[in-house]
């Protein structure tokens, strides 16, 4: 079984919440890492998501960051909520 990691930077225009994280996260860019493993026994390459993590500024630590485990659906919900907020 092979594991690969994909990284992407997401930009939130507004402060946001993700289920499982007790605080409001600040607007701006954050890195998301998704780990996927191969699905063995197929005649083609396929992967399944096994973990999703987001890197955010650490609470109370100037310049430090922390990586938090989140659900991919919770991340998608946060992105949708951010996109639906009316512009001033």
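Looking only at segment 9-27, which residues are free of Cβ contacts under 8 Å to residues at least 60 places away in the same chain, more than 19 Å from residue 64 (Cα to Cα) and in contact with a strand residue (DSSP E or B) (Cβ under 7 Å, 6 or more places away or on another chain)?
Scanning segment 9-27 gives a single hit, 20.
For residues that are closer than 18 Å to residue 22 by Cα, touching a residue at least 12 places away in the same chain (Cβ under 8 Å) and outside any loop (DSSP other than H, G, I, E, B), tally how many sit in segment 41-88.
The qualifying residues number 18.
Against the definition (at pLDDT 90 or above and in contact with a strand residue (DSSP E or B) (Cβ under 9 Å, 6 or more places away or on another chain)), how does residue 73 come out, yes or no?
Here the answer is no, as residue 73 does not meet what is asked.
Any chance you could count how many residues in segment 28-40 are loosely packed, with under 11 Cβ neighbours inside 10 Å and either in contact (Cβ under 8 Å) with a residue 24 or more places away in the chain or more than 26 Å from residue 81 (Cβ to Cβ) (or both)?
The qualifying residues number 1.
Every residue in segment 7-27 that is loosely packed, with under 13 Cβ neighbours inside 10 Å and part of a strand (DSSP E or B), please.
Scanning segment 7-27 gives 7, 8, 9, 11.
The values are calculated or read from the model by the stated rules, or taken from the named source; none is laboratory data. Just so you know, these numbers come straight off a predicted model, no measurement behind them. Glycine also receives a Cβ, built like all others from the backbone with ideal geometry; neighbour counts cover every protein chain displayed.
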